[in-house]
Each structure stands twice: as C-alpha cells, then as structure tokens.
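> For reference, the structure I am asking about is given below.
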Number of protein chains: 2
Amino acid sequence: MKASDKVKHRTDMISSALRSAILERVLMPGMKLPEDSLGERFGVSRTLIRQSLERLAAEGLIELRRNKGAMVAKPSLEEARDLFELRTQIEDLVISRVIKNMTPDIIAELEGHLAKEVEAEHAAEPKSIRLATEFHILLAKLAGSPVLLRYVEEIGYRCGLTLSLYARPHSTDCGIAEHRQIIEALATGDEDAARKLMRHHLNAVADRALFTTDEGGPLVYLDALEPYAKKVRDGGA
Amino acid sequence: MKASDKVKHRTDMISSALRSAILERVLMPGMKLPEDSLGERFGVSRTLIRQSLERLAAEGLIELRRNKGAMVAKPSLEEARDLFELRTQIEDLVISRVIKNMTPDIIAELEGHLAKEVEAEHAAEPKSIRLATEFHILLAKLAGSPVLLRYVEEIGYRCGLTLSLYARPHSTDCGIAEHRQIIEALATGDEDAARKLMRHHLNAVADRALFTTDEGGPLVYLDALEPYAKKVRDGGA
DNA sequence: GTATAGTTGATTGCATACAATTTAGCCACC
DNA sequence: GGTGGCTAAATTGTATGCAATCAACTATAC
C-alpha cells in the first residue's frame with residue numbers, strides 16, 4: 001500500500017499544532033517551550049516533542065539553544081527584512097510559473113480564495129492573517145513545483161512570525177485589494193504586471209509592518225495551547 | 001558565556017558527516033541508511049542518528065518513509081530542474097546584494113577561492129565538486145544575509161545531490177571559467193552583467209548535467225562511511 | 001507450480017530512565 | 001547592601017528497552 005506512506009506521524013501533528021499556534025499568535029515570540037510541559041499537554045513523551053521542536057527550529061520558527069531549551073523565535077528587524085526580500089524574489093518565480101500554467105480553473109480557484117478573504121475581512125485577526133498567508137501558498141501550489149511550494153511555505157510562515165513581532169494590529173488590511181489586482185493581472189496573462197504587483201504587494205506588507213520594535217518578556221503561558229493540543233490527543237489532523 | 005551557545009551538539013557533527021558523505025558521493029542516492037548500523041558506526045545510540053536523519057530529511061537530502069527507514073534522496077529529474085530554477089532565482093538576489101556590499105576585500109576573497117578551484121581542477125572529483133559548490137556559498141556569505149545564506153546552502157546541496165544522480169563524470173569542468181567571469185563582472189560593478197552571467201552559469205551546469213537517467217539499485221554499503229564516522233567519534237568538527 | 005497464509009527476523013516508533021548541564025535560591029562574607 | 005560561591009531543583013542530552021510494523025521466507029493448500 002502506497003497510501004500507508006502518507007500516514008502522518010504523531011510528530012507531524014504536533015509540529016503542525018505548534019506551527020499553527022505560533023502563526024496565530026497564541027505562542028508569541030520569546031515564549032519558552034519546555035519539553036515536559038508540552039509533552040504533558042499533548043499527551044506524549046518528550047521524545048516526540050523534541051522531534052517537533054527540532055523540526056520547527058529547522059524551519060526557523062523557534063530557536064534552540066544548547067541545554068537551555070526552545071523558545072519561539074524572535075527574529076531581528078534585519079532578519080525580518082531579509083526574509084521579505086527573499087520572499088519577494090521567490091514569489092517572482094511563482095508568478096512566472098503560474099502564468100505559464102494558466103487555465104480558467106486556476107483563476108476560479110484564486111477567486112474562490114479571495115472571496116473567503118473578503119468574507120473574513122472583519123473577522124478575528126488570526127483568521128484574516130492566516131487567509132492572507134494562504135493566498136500566497138495557494139499560488140505556490142498552482143505553480144506546480146513541490147520544491148517551490150516547500151520554500152514559499154516556509155518563508156511565508158517565517159514572515160508571518162515576524163509580523164506578530166513587529167506589526168501593529170490591523171496592518172493586514174488593504175492586502176485584499178492587492179491580491180485582487182494580482183489575480184486580475186494573472187487572468188489577463190500579463191506577466192510583467194503580475195510580477196510588479198506581487199513585488200509591490202510584498203513590499204507594502206513589509207513596509208506597513210516592519211516599523212516599531214517593542215520588547216516583550218520571555219514568559220511561559222502554555223494554557224492557550226490547550227485547543228491545539230486537544231486536536232492532537234484526539235488524533236485529529 | 002555566550003560562546004557556549006555555539007558548542008555543537010553531536011547531532012550536528014553527525015549530520016555534517018552524513019551531508020558531506022552524500023555530497024561527496026560516498027553515499028549514493030537510493031542507499032538505505034538503517035539507524036543501528038549508522039549508530040554503531042558513529043559510536044552513538046539510535047537516538048542521535050534519528051535526529052540527524054530527521055534533519056537531513058528536512059533539508060531534502062534523504063527521504064524518510066514511515067516504518068521503512070531512511071534512504072539517500074533520489075530526486076526526480078523534474079525536481080532537479082525545479083531546484084536549479086529556484087536556485088537561479090535566489091542567487092540572482094545574492095548577486096544584487098554582494099554588488100551592493102562590494103569592497104576590494106571581497107574581490108580578493110573570491111579570487112582566493114577561485115585559485116583553490118584552479119588548483120584542484122584536475123584533482124579528484126569530489127574535491128572539485130565541493131569547491132564549485134562552495135564558491136556559491138561563499139558568495140552567499142558575502143551577501144551579508146544569514147537567511148539568504150541558509151537557503152542558498154540548502155538548495156545548493158540539493159542541487160549537488162541531483163548532480164550525483166544525473167550528471168556524467170567530469171561534467172563539472174569549465175565551471176571555473178564561468179566563476180571567473182562572474183568575479184570580473186562583480187569587480188567592475190556591473191550588476192546586470194553579473195546577474196546574467198550567474199543565470200547563464202547555473203543554466204549551463206544544469207544543462208550539462210540533467211540528461212540521462214540511469215537507475216541504480218538501492219543497496220547498503222556503509223563501509224565507505226568509516227572515515228566520516230571516525231571524525232565524529234574522535235570529536236572532530 | 002502458483003498462490004496465499006503463517007511465522008520469524010529485522011527495523012522503526014515511542015516511552016522511560018539516567019547522566020550532564022544550567023538555573024535559582026541561599027547563605028556567608030566582604 | 002551587594003557580591004561570591006555553594007547546594008538543590010529543574011531542564012535538557014543521551015541511551016536503552018519494549019511494542020508495533022514491515023519484509024522475507026516457509027509451508028501448506030489448491
């Protein structure tokens with residue numbers, strides 16, 4: 001059975017849960033992540049927690065310091081800028097590829113996603129942030145390159161993390177209009193315009209966000225993790 | 001002591017050893033990597049081997065299949081092309097950044113590396129391959145963005161792996177001349193030329209390499225690993 | 001002779017135990 | 001009052017053991 005290769009390890013579920021928690025700002029940058037507290041909460045031993053932490057560290061979402069444990073990453077402002085710069089460069093390639101694969105179905109899918117974004121425009125913040133990130137990931141999927149998708153995801157997540165550090169609330173608004181413009185350019189088949197718009201969009205997001213720098217203390221409030229942990233304990237995805 | 005944060009875990013050493021072995025074609029794509037054989041050879045328990053394998057899997061150098069263990073990754077030809085395409089796009093950014101930071105020291109450093117490449121031109125293959133890869137990594141270092149460096153390294157390594165699958169021997173020659181041209185363009189401060197040359201260089205590497213596809217059997221010959229393992233056991237870097 | 005089921009051996013998945021290191025508290029001493 | 005070291009608690013690093021899964025082989029039935 002080939003399908004059995006796809007069975008997710010519990011480590012995958014835990015990593016996903018933690019990743020979501022970080023991206024949805026339940027775990028804020030600088031928070032400590034002790035192995036046994038997490039293990040207890042997720043109902044697994046430290047072994048699996050450790051694996052998950054290593055993985056997230058490889059993705060750049062948490063920092064791991066020898067003998068001192070893990071904490072949610074606190075990228076510097078400079079690192080944040082570098083991430084957005086790199087992201088811009090990579091998503092340029094996404095646009096090129098998507099426009100080469102273009103079909104009506106693709107436009108429909110993108111517009112479907114946009115509709116969700118519009119719907120959630122005034123909903124809770126975490127949801128609109130997540131949808132905004134997922135727009136870019138959807139584009140990467142449509143580019144038809146697993147490799148490209150992998151890196152767009154990872155860097156997109158890291159950018160999302162920097163936003164929770166540096167962005168003021170509600171700085172995500174007006175991104176929707178820019179997404180719409182990008183879709184339109186793609187629909188027209190105008191590659192140059194689409195690339196320029198994407199570049200402009202990402203620069204705008206970064207500019208809107210990467211301003212002030214307020215220091216937050218490194219605390220441990222794992223209680224908010226409970227809903228995420230529950231899903232894992234119950235075996236959900 | 002801040003320096004103590006930099007003490008490498010044994011996992012790091014093992015990962016590095018395995019990575020080197022893969023890049024130097026001691027471990028060929030498809031080879032199985034059983035945990036306890038490796039543990040025995042490196043003189044550590046399966047725990048650390050497991051961690052290393054997970055890490056290399058995250059980097060895309062090995063594949064991990066549930067309950068079936070690890071093997072050196074065997075990227076498809078399409079994946080190889082996608083990797084080179086992405087690499088081209090990212091190194092474009094490297095060039096932009098390096099040229100902005102340009103100083104005489106940087107040119108000197110690059111020329112120093114080029115000299116090493118020339119010296120090793122007719123030496124054993126693994127060495128010249130390694131040096132060619134390290135040229136690109138040196139450039140990424142000089143770009144002054146740790147984020148960028150991390151991804152250039154990872155993708156560069158993955159490209160190196162694909163070459164061991166698809167490239168015929170000696171297809172690495174003539175890369176040196178292209179490296180020299182890039183350095184010259186950088187020294188002149190001609191960004192456009194440098195970017196074009198880098199693009200051309202990477203496309204040439206990919207084209208020279210990604211041709212035939214001969215299938216290799218998935219065997220286990222870990223004996224060749226011995227020199228790498230010894231370094232780890234002796235605590236070397 | 002082929003195919004299927006059962007069984008054994010090898011390998012991975014996960015938890016637990018113990019060692020090593022850091023951190024925090026405390027008391028002495030300056 | 002503050003600084004130094006000492007001990008104890010907490011936390012991470014690593015090894016090991018057991019359960020679960022997979023692969024190969026044999027035997028038996030058709």
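> Looking for something away from DNA strand D (no atom under 13 Å from the Cβ) and at positive phi - is there at least one such residue anywhere in the stretch A:7-19?
Looking through the stretch A:7-19, none of the residues is away from DNA strand D (no atom under 13 Å from the Cβ) and at positive phi.
> Same structure, new question: (1) touching a Ser or Thr at 6+ places or on another chain (Cβ under 9 Å); (2) without any contact (Cβ under 8 Å) to a residue 24 or more places away in the chain; (3) surrounded by 16 or more Cβ atoms within 10 Å (Cβ to Cβ): which one isn't true of residue A:131, the others all being true?
Residue A:131 satisfies every listed condition except (1).
> A further question on this structure: Could you count how many residues in the stretch A:47-66 are hydrophobic (A, V, I, L, M, F, W, C) and near DNA strand D (Cβ under 10 Å from one of its atoms)?
3
> Here is a further query. Pick from A:55, A:50, A:66: which is in contact with a His (Cβ under 7 Å, 6 or more places away or on another chain) and within 11 Å of chain B (Cβ to nearest Cβ)?
A:66
Residue by residue, here is whether (1) more than 23 Å from residue A:130 (Cα to Cα); (2) crowded, with 20+ Cβ neighbours inside 10 Å; (3) not assigned by TED's automatic domain parsing to the domain that holds residue A:186 holds:
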site	(1), (2), (3)
A:18	no, yes, yes
A:30	no, no, yes
A:52	no, yes, yes
A:65	yes, no, yes
A:69	yes, no, yes
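> Here's something else I'd like to know. Looking at A:99, A:155, which is the one that is modelled with pLDDT of 95 or more, among the aliphatic types (A, V, I, L, M), open to solvent by less than 60 Å² (accessible area, probe 1.4 Å) and within 12 Å of the chain's Cα centre (by Cα)?
So the residue among A:99, A:155 that is modelled with pLDDT of 95 or more, among the aliphatic types (A, V, I, L, M), open to solvent by less than 60 Å² (accessible area, probe 1.4 Å) and within 12 Å of the chain's Cα centre (by Cα) is A:155.
> Can you name the number of the only condition in (1) at pLDDT 95 or above; (2) within 14 Å of chain A (Cβ to nearest Cβ); (3) open to solvent by 10 Å² or more (accessible area, probe 1.4 Å) that residue B:138 fails?
Only one criterion in (1) at pLDDT 95 or above; (2) within 14 Å of chain A (Cβ to nearest Cβ); (3) open to solvent by 10 Å² or more (accessible area, probe 1.4 Å) is unmet by residue B:138, namely (2).
> Quick check, is residue B:148 away from DNA strand D (no atom under 16 Å from the Cβ) and among the aliphatic types (A, V, I, L, M)?
Spelling it out, residue B:148 is indeed away from DNA strand D (no atom under 16 Å from the Cβ) and among the aliphatic types (A, V, I, L, M).
> Would you confirm whether or not the stretch A:107-128 contains a residue that is of a type in the set (Ser, Thr, Tyr), touching a residue at least 24 places away in the same chain (Cβ under 8 Å) and within 14 Å of chain B (Cβ to nearest Cβ)?
For the stretch A:107-128, residues of a type in the set (Ser, Thr, Tyr), touching a residue at least 24 places away in the same chain (Cβ under 8 Å) and within 14 Å of chain B (Cβ to nearest Cβ): absent.
> Going through the stretch B:114-128 one residue at a time, which ones are under 15 Å from the mean Cα position of the chain (by Cα) and open to solvent by 60 Å² or more (accessible area, probe 1.4 Å)?
B:127
> For the stretch A:4-114, please list each of the helices (runs of 4 or more DSSP H) lying entirely inside it that holds at least 3 residues being basic (Lys, Arg) and within 16 Å of DNA strand C (Cβ to nearest atom).
A:46-59
> Which one of the conditions (1) more than 10 Å from every other protein chain (Cβ to nearest Cβ); (2) of a type in the set (Lys, Arg); (3) under 22 Å from residue A:146 (Cβ atoms) does residue B:81 fail to meet, given that it meets all the rest?
Answer for residue B:81: the failing condition is (1).
> Please list, ordered by first then second residue, the pairs with beta carbon atoms under 6 Å, 6 or more apart or interchain, first in the stretch A:141-159 and under 18 Å from residue B:152 (Cα atoms), second open to solvent by 50 Å² or more (accessible area, probe 1.4 Å) and among the basic types (Lys, Arg).
A:149/A:141
The values are calculated or read from the model by the stated rules, or taken from the named source; none is laboratory data. The model shown is predicted, which means the values in this text are computed figures rather than measured ones. Because the Cβ atoms are built from the backbone with ideal geometry, glycine has one as well, and the counts that use them run over all protein chains shown. For accessibility, only protein heavy atoms count, side chains too; no ligands or nucleic acids. Shrake-Rupley method; radii C 1.70, N 1.55, O 1.52, S 1.80 Å.
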